[in-house]
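Inspection log for the structure reproduced underneath, given as structure tokens.
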């Protein structure tokens, strides 16, 4: 899958979030920004994003990901 394909998939499934994906078709760096992360710890945030990717991970379309998650307020401080 291309980074654009992964971004389209995540944008569709995480429609309440802003999604950015970079990568080379093997390893992807995913950044997700959304109010949905408010009050969630790092593990719960990762699980939220992985849930949207599980099918593609299971079928081998997505191999390796690095996920960064932010609330809008946290992103504004970056």
remark   = Given 69-76, 40-47, 27-34, the highest-first ranking by average Cβ count within 10 Å works out to 27-34, 69-76, 40-47
Most to least packed among 54-64, 4-14 [average Cβ atoms within 10 Å] = 4-14, 54-64
inquiry  = Between residue 59 and residue 20, how high is the FRET efficiency from 1/(1 + (r/R0)^6) when r is the Cβ-Cβ distance and R₀ = 22 Å? Nearest 0.05.
reply    = 0.40
message = I'm spelling it out carefully: the read-out is semi-axes √(5λ) of the Cα gyration tensor in Å, the candidates are [x] 43, 22, 11; [y] 23, 12, 11; [z] 21, 13, 11, and one was derived from this structure. Which label?
response = [z]
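As a check on your grasp of the helix formula, calculate [θ] at 222 nm for the chain: sum -39500 (n - 2.57) over DSSP H runs of n ≥ 4, divide by the residue count, round to the nearest 500. Don't jump to the answer; show the numbers that get you there.
Details: 3 runs with 33 residues, N = 78.
Computed mean residue ellipticity for the chain: -13000 deg cm²/dmol.
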key: Within the range 1-22, backbone nitrogen closer than 17 Å to the virtual label 7 Å beyond the Cα of residue 50 toward Cβ   = none
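Antiparallel versus total DSSP beta bridges in the chain: what percent is that, nearest 5? Intermediate results must be reported in sequence, preceding the final value.
Numbers: 6 of 13 bridges.
Once the DSSP bridges in the chain are tallied, antiparallel ones form about 45 percent.
Every read-out reported here was derived from the displayed coordinates using simple, explicitly stated rules and does not represent laboratory data. Quick caveat: nothing in here was measured; it's all calculated off a predicted structure. FYI the Cβ positions are ideal-geometry reconstructions off the backbone, even for glycines, and counts take in every protein chain you see.
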